[in-house]
Amino acid sequence: MAKLFKRKYWSVDLKTGERVQRETDNWYSKVKDEFGVWQRVPLLPDKTLSELMVADLKRKAMQCRAGVADPFEAHRKLPLREHVAA
């Protein structure tokens, strides 16, 4: 499984005025896309669902590299209204 992480950022605490390091609510991961390039992907606040999303992204990338990807996947995601309008 790919490594999940939360991004860190600096902000100012309004009560004390000090700089504080905080973490994002969402999880992130670095995944190789179908071209072999590392991409940082924003995921969900739930760690278990984020792990499932990463596994799905990796599976799709491996299928694209192997040449067995679904060429109509993007079309299936469009609403029927847009297909009729086209």
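The values are calculated or read from the model by the stated rules, or taken from the named source; none is laboratory data. Quick caveat, the model's predicted, so the values are computed rather than measured. Backbone-built Cβ (ideal geometry, glycine too); neighbour counts: all protein chains shown. Remember, those area values only see protein heavy atoms, side chains included, never the ligands or the DNA or RNA. Shrake-Rupley method; radii C 1.70, N 1.55, O 1.52, S 1.80 Å.
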Heavy-atom surface of the chain, accessible at 1.4 Å and reported per residue (Å²)
83 Å²
Nearest 20 debye, what's the magnitude of the dipole of the chain about its Cα centre given +1 on Lys and Arg Cβ and -1 on Asp and Glu Cβ?
260 debye
In whole Å, what three semi-axes, largest first, describe the equivalent ellipsoid of the range 5-55 built from its Cα gyration tensor (square root of 5 times each eigenvalue)?
29, 13, 5
The percentage of the accessible area of the chain (probe 1.4 Å, all protein chains present) made up of carbon and sulfur atoms, to the nearest whole number, is 56 percent
The chain: Lys pairs at Cα distance under 21 angstrom, eight or more positions apart or on different chains:
21
If the convex hull is drawn through the Cα atoms of the chain, its volume per residue in Å³:
163 Å³
Per the rule of 0.36 nm per residue minus the C-alpha distance, extending E82 to V68 adds in nm 2.4 nm
Only Cα pairs under 8 Å and at least 6 apart count here; give the relative contact order of the chain as a rounded whole percent.
22 percent
